[in-house]
1. Of everything in the stretch 111-124, what is of a type outside the set (Val, Ile, Thr) and within 18 Å of the chain's Cα centre (by Cα)? Give them in sequence order.
2. I need the strands (runs of 3 or more DSSP E) fully contained in the stretch 8-119, keeping only those with at least 2 residues that are surrounded by 17 or more Cβ atoms within 10 Å (Cβ to Cβ).
3. Could you please find all residues in the stretch 1-20 being in contact with a strand residue (DSSP E or B) (Cβ under 8 Å, 6 or more places away or on another chain) and more than 19 Å from ARG50 (Cβ to Cβ)?
4. Could you tell me which residue of the stretch 24-36 is modelled with the lowest pLDDT, considering only residues that are within 14 Å of GLY54 (Cβ to Cβ) and in contact with an Asp or Glu (Cβ under 9 Å, 6 or more places away or on another chain)?
Amino acid sequence: MTGKTIVGTSGSDTLTGTPFGDVIDCGAGADVVHGGGGDDVINCGAGNDRIAGGPGNDRILGQAGNDKLSGGKGNDHLMGGKGKDTLRGGKGKDQLFGGSGRDRLFRDGSDLLSGGPGRDSMVR
């Protein structure tokens, strides 16, 4: 089975993926996203977003805003963007990129962490 393409609005949305690999485009606003299972691609616009990928090898892009990104199980790729972001890869070999701003990146296992421009902290 294949996942869905899920598109949010320019306002604040709560979006939930399927058990399969989804493409989720949040749009702007303070969004809450749960990717569900599968290898998801999640892209959120400006706003203070809370994004959880779930199991699978997820690609999550927060963009502008003070975002909280969590990959969950799997080998995830998380990118914060502009703002004060918090990134947690979870189990697996994850890649975390804070982007510009004062970011907090949490390491769990053999992850690759890159803060980017700004005063970042990397926590084990």
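The values are calculated or read from the model by the stated rules, or taken from the named source; none is laboratory data. Note that the structure is predicted; figures quoted are calculated from it, not measured. With ideal geometry, Cβ positions are generated from the backbone for all residues, glycine too; neighbour counts draw on all protein chains shown.
1. Answer for the stretch 111-124, where residues must be of a type outside the set (Val, Ile, Thr) and within 18 Å of the chain's Cα centre (by Cα): ASP111, LEU112, LEU113, SER114, GLY115, GLY116, ASP120, SER121, MET122.
2. Because the criterion is at least 2 residues that are surrounded by 17 or more Cβ atoms within 10 Å (Cβ to Cβ), the strands (runs of 3 or more DSSP E) in the stretch 8-119 that meet it are 23-27, 32-34, 41-44, 50-52, 59-61, 68-70, 77-79, 86-88, 95-97, 104-106.
3. Within the stretch 1-20, GLY3, LYS4, THR5 meet the criteria.
4. Among residues in the stretch 24-36 that are within 14 Å of GLY54 (Cβ to Cβ) and in contact with an Asp or Glu (Cβ under 9 Å, 6 or more places away or on another chain), the one modelled with the lowest pLDDT is GLY36.
Each row is one residue, and each column tells you yes or no for (1) in contact with a helix residue (DSSP H, G or I) (Cβ under 6 Å, 6 or more places away or on another chain); (2) free of Cβ contacts under 8 Å to residues at least 60 places away in the same chain; (3) closer than 22 Å to ARG88 by Cβ; (4) among the hydrophobic types (A, V, I, L, M, F, W, C).
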{"position": "VAL7", "(1), (2), (3), (4)": "no, yes, no, yes"}
{"position": "LEU15", "(1), (2), (3), (4)": "no, yes, yes, yes"}
{"position": "PHE20", "(1), (2), (3), (4)": "no, yes, no, yes"}
{"position": "ILE24", "(1), (2), (3), (4)": "no, yes, yes, yes"}
{"position": "GLY35", "(1), (2), (3), (4)": "no, yes, yes, no"}
{"position": "ASN43", "(1), (2), (3), (4)": "no, yes, yes, no"}
